[in-house]
Amino acid sequence: MKTVALLALTLVALIPLSGVANDALLKFEGGVGVHPVSNVAGTPNADGSFPNVTRNIVRGVNPAGQIWVITDLRPKIEVDGSIKVDGRGLLLAGGNAIGTNANASVFATLICEAAAPFVERNTNVAGVPLAPNGDFRIDDILSPAPSGCASPVLLIRSAGNRTWFAAGFPKLED
């Protein structure tokens, strides 16, 4: 009888541990590459350009100057601010260097505020280099660390000029 009671107590003690092992603050699933222009207006100029262009600025961060695509983006942020990002196929989608990584290095920025002032929680801004096929991995800690995040936006940014190349889609449910 004591053995059965001890076994039952052990099982009850272990079952909740599997539920608390997940310290994820935020998860993202998939992403989108940047389109540097969000809107054009007015009659086109003779060269095809537009007189009024609205840049695709996200929470105060400027877009890259050219269109980029990303095949897959899987970031996970823990409550302690640690972040792991697995990115695939971040490549130029326009211009003479189309289909290349432009020898870029990238870092991640989490912004939690829906309205200014925005706080940029960054990984190391020196970044990690993109592989020739646009793949990259970031394993770092956000600084400053988030304490909750009501309106998450995750940007993958250029380590050079700090413009954004891609954005993650928050995963709403597990």
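Every number in this text was worked out from the coordinates using simple rules, so none of it is lab data. Everything numeric here is computed off the predicted structure, so don't read it as measured data. In this analysis, Cβ positions are derived from the backbone assuming ideal geometry, glycine residues included, and neighbour counts consider all displayed protein chains.
Of all the options S49, S151, S105, the one that moves most in a Gaussian network model of the chain with Cα springs shorter than 10 angstrom is S49. Shown here is the pair-distance distribution of the stretch 98-170: with all Cα-Cα distances grouped in 10 Å bins from zero up to the longest one, the shares run 20, 51, 23, 6 percent.
Here the Karplus curve 6.51 cos²θ - 1.76 cosθ + 1.60, taken at θ = phi - 60°, turns the phi angles of the stretch 124-130 into couplings of 4, 6, 5, x, 10, x, 6 Hz, with x standing for Gly and Pro. Over the chain, what is the relative contact order in percent, taking alpha-carbon pairs closer than 8 angstrom and at least six residues apart? Reported relative contact order: 24 percent. Using only alpha carbons, the chain has a radius of gyration to Kirkwood radius ratio (Rg to Rh) of 1.16.
Derived scalar couplings between HN and Hα for the stretch 91-102 equal 9, 4, 10, x, x, 5, 9, 3, x, 10, 8, 6 Hz in order, rounded to whole Hz, by the Karplus curve 6.51 cos²θ - 1.76 cosθ + 1.60 (θ = phi - 60°), x for Gly and Pro. If you add up the charges near L73, with Lys and Arg at +1 and Asp and Glu at -1, over every other residue whose beta carbon is less than 14 angstrom from its beta carbon, what do you get? Every neighbour counted, the sum reads +4. A cut-off of 5 Å between modelled amide H atoms, ignoring neighbours fewer than 5 places along the same chain, links V106 with V128, L130, A159. Output wanted: per-residue J couplings in Hz (rounded whole) for the stretch 159-164, from phi through Karplus 6.51 cos²θ - 1.76 cosθ + 1.60, θ = phi - 60°, x for Gly and Pro. Per-residue couplings from phi come out as 6, x, 9, 6, 6, 9 Hz.
Sorting the segments 77-84, 141-148, 23-30 by their mean number of nearby beta carbons within 10 angstrom, highest to lowest, gives 77-84, 23-30, 141-148.
Computed about the Cα centre, the dipole magnitude for the stretch 24-170 is approximately 80 debye when only Lys and Arg (+1) and Asp and Glu (-1) carry charge, each at its Cβ.
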